[in-house]
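Below is one structure, written out as structure tokens, with a few remarks after it.
The values are calculated or read from the model by the stated rules, or taken from the named source; none is laboratory data. Since the model is a prediction, treat every value here as computed from it, not as a measurement. Cβ atoms come from the backbone with ideal geometry, glycine included; neighbour counts cover every protein chain shown. Quick note on the areas: whole protein, heavy atoms, side chains included, nothing else; ligands and nucleic acids left out. Shrake-Rupley method; radii C 1.70, N 1.55, O 1.52, S 1.80 Å.
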Amino acid sequence: MAEDAATLAREAGAADIMAVMQMIPHRYPFLMIDRVVDIHLDHSAVGIKNVSINEPHFQGHFPRQPVMPGVLIVESMAQTAAVLVVETLEGAAAGKLVYFMTVDSARFRKPVVPGDQLLVHVTKLKNRGPVWKFSGEAKVEGTLVAEATFTAMIMDD
């Protein structure tokens, strides 16, 4: 049944959590997106991350005033981009490992805290073979909270 739901989600230009987990190898506690709601093949995607106090990084970052680490926000951008790549390549990259090559111009403009819903917008800038470059923005309630440009490489098994 999960495959049927995943197929329907992809046809609608979106991916629910079950489809996301078929596309990328990340799992709890390092799966940083809950779904992808808007996929434009070979161009852009929008991921959603519901930020919860129950996430393990909040035990130490910071216990009295929890803030989502910026590197995890950038990771949510990368995971959203990975879903876009898998969809664009029609599943040929599903489950493959993707490694960061560069993270440039990262800026963190406002803290992301438990209860926030992070909208992660990624846009493909270019790709050449297994190397893909993206720009990413993360917003909470329409306010830009983080942005970065990043490059990643899809590794063959």
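Filter segment 140-157 for residues that are open to solvent by 40 Å² or more (accessible area, probe 1.4 Å) and either more than 13 Å from the chain's Cα centre (by Cα) or not charged (D, E, K, R) (or both) and give the result. Full working, then the answer.
At the first step, the residues of segment 140-157 found to be open to solvent by 40 Å² or more (accessible area, probe 1.4 Å) are 141-144, 147, 153, 155-157.
Passing the criteria: Glu141, Gly142, Thr143, Leu144, Met153, Met155, Asp156, Asp157.
For segment 122-138, residues that are surrounded by fewer than 19 Cβ atoms within 10 Å (Cβ to Cβ) and either aliphatic (A, V, I, L, M) or part of a strand (DSSP E or B) (or both) total 9. Looking only at residues in segment 43-81 that are open to solvent by 30 Å² or more (accessible area, probe 1.4 Å) and not in a loop (DSSP other than H, G, I, E, B), the one that is nearest to Phe134 (Cα to Cα) is Val71. Among the residues of segment 15-36, those that are outside any helix (DSSP H, G or I), in contact (Cβ under 8 Å) with a residue 12 or more places away in the chain and within 18 Å of Val74 (Cα to Cα) comprise Ile24, Pro25, His26, Pro29, Phe30, Leu31, Met32, Ile33, Asp34, Arg35, Val36. Take the conditions (1) over 19 Å from Ile17 (Cβ atoms); (2) not in a strand (DSSP E or B); Arg107 misses just one of them, which is (2). For segment 124-136, filtering for residues that are over 14 Å from Val86 (Cα atoms) and touching a residue at least 40 places away in the same chain (Cβ under 8 Å) leaves 2.
Listed here are the residues, each with its yes/no results for (1) of a type in the set (Val, Ile, Thr); (2) within 30 Å of Leu89 (Cβ to Cβ).
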residue	(1), (2)
Tyr28	no, yes
Asp42	no, yes
Ile48	yes, yes
His61	no, no
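All of Ala93, Ala148 fail the test of being in a loop (DSSP other than H, G, I, E, B) and touching a helix residue (DSSP H, G or I) at 6+ places or on another chain (Cβ under 7 Å), apart from Ala93.
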